[in-house]
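Below is one structure, written out as structure tokens; comments come after it.
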Amino acid sequence: MNRAELAHFLRRGRARLTPSDVGLTPGARRRTPGLRREEVAQLAGMSVDYYTRLEQSRGPHPSRQMLTALARALRLTADERDHLFHLADEEPPRRETASAHVPPGLMLILDRLHDTPAQVVTDCGEVLAQNAMGRALTHDVMSRPPRERNLLRLYFLDPAARTLFPEEDRAEHARVHVANLRAVAAARPDDPEPAALVAELRASSEEFARLWEEHEVSLRHRATKRFQHPLVGLLELDCEVMLSHEHHQLLVIHTARPGTEAYERLELLRVVGLQDMSPQGTIPRRRG
């Protein structure tokens, strides 16, 4: 691990970004250009002390998960992400499979969506990034352990996740999840990720196993979804899905039509929902 070069690369990456580049408010006047260390730490989901030690060439060896989070926080390109891994003496992720690295252009779009819930997910349902409104609507999935960031695992294995939706809509959500995963698994037969997820859910969820046997196939597409939010009540939102074929990633955006009750409630969520980012505002984790 080349600590000195890693530290220099992190400092340069931080200096070239502004708060508006990553969806943050500028705040008070800054003495130096670029993001503050605490802002990078916040974006990467790590402690400020841990990140500071990395920049000072005295940090521990970062995990692959931490390197991925840093690449996302610093809006690195795929080549820059690979360089970051090399500096940490890690093999970069393979590019021919679904990537956990969100391209800077896609992150830029996500950061610009200040007033509407949005998130980036893989075609297998892995949540890779959320904006503030996305966290307010569907809870802060990125704060959970990596294995608990998959929407299918949450939906079929964690009953609390289903409380986001009205009870009468839950069977349809389950059907759509399974139909999408079957299409993804068929399209990528040599990729172990979708196959492993299918095997796990068939073994762990009777409902998933039953739906899997129905052999329904359907990729994610535009739809209308209803959310039962604990703060603002029922929200009927239009769901737009933008697909990045190269990276097997989806930008999922939820909007409300102007003049509707859902639009007014979504506006209310901007005010009250963004303040409810405490552990009490997240989906409770299942026990056991």
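List of remarks:
- Dipole check for the stretch 36-194: with +1 at the C-beta of Lys and Arg, -1 at the C-beta of Asp and Glu, and the Cα centre as origin, the magnitude is about 180 Debye.
- Mean accessible surface per residue for the stretch 74-141, computed with a 1.4 Å probe while every protein chain stays in place, in Å²: 36
- For the stretch 44-149, the set of GluC sites (Glu not before Pro) satisfying both a DSSP loop assignment and a count of at most 11 other C-beta atoms within 10 Å is given as GLU96.
- Computed magnitude of the charge dipole of the stretch 1-106 (debye, nearest 20; Cβ of K, R +1, Cβ of D, E -1): 500
- Extreme residue, positive dipole direction of the chain, given options ALA71, ALA171, LEU157 (C-beta unit charges): ALA71
- Degrees separating the helix 261-272 axis from the principal Cα axis of the chain, which is the longest one: 30
- The equivalent ellipsoid that matches the C-alpha gyration tensor of the stretch 33-84 spans semi-axes of 16, 14, 10 angstrom, in descending order.
- If R0 is 45 Å, the Cβ-Cβ spacing of GLU5 and ALA199 corresponds to a FRET efficiency of close to 0.65.
- Distance histogram in 10 Å bins (all Cα pairs of the stretch 96-217, percent per bin): 12, 41, 36, 11, 0
- Cα-based helix-to-principal-axis angle, 78-87 vs the chain, degrees rounded to 10: 60
- Set against the labelled values [x] 15.9; [y] 14.6; [z] 17.8, mean projected area of the Cα convex hull in nm² computed from this structure falls on [x].
- Size of electric dipole in the chain: Cβ of Lys, Arg +1 and of Asp, Glu -1, about Cα centre, debye, nearest 20: 1140
- Positive-end residue, the chain charge dipole about Cα centroid, Cβ charges, pick of THR138, VAL271, ALA88: ALA88
- Peptides 256-264, 132-140, 67-75, ordered by how many other C-beta atoms sit within 10 Å of their residues on average, highest first, read 67-75, 132-140, 256-264.
- Of the solvent-accessible surface of the stretch 1-110, computed with a 1.4 Å probe and all protein chains present, 51% belongs to carbon and sulfur.
- Cβ-Cβ FRET estimate between ALA15 and MET242, R0 fixed at 35 Å, reported to 0.05: 0.70
The values are calculated or read from the model by the stated rules, or taken from the named source; none is laboratory data. A quick note: this is a predicted structure, and the numbers were derived from the prediction, not measured. Every residue, glycine as well, gets a Cβ built from its backbone with ideal geometry; the counts of neighbours run over all protein chains shown. Side chains are part of the model used for accessible areas, which takes the heavy atoms of the whole protein and leaves out ligands, DNA and RNA. Shrake-Rupley method; radii C 1.70, N 1.55, O 1.52, S 1.80 Å.
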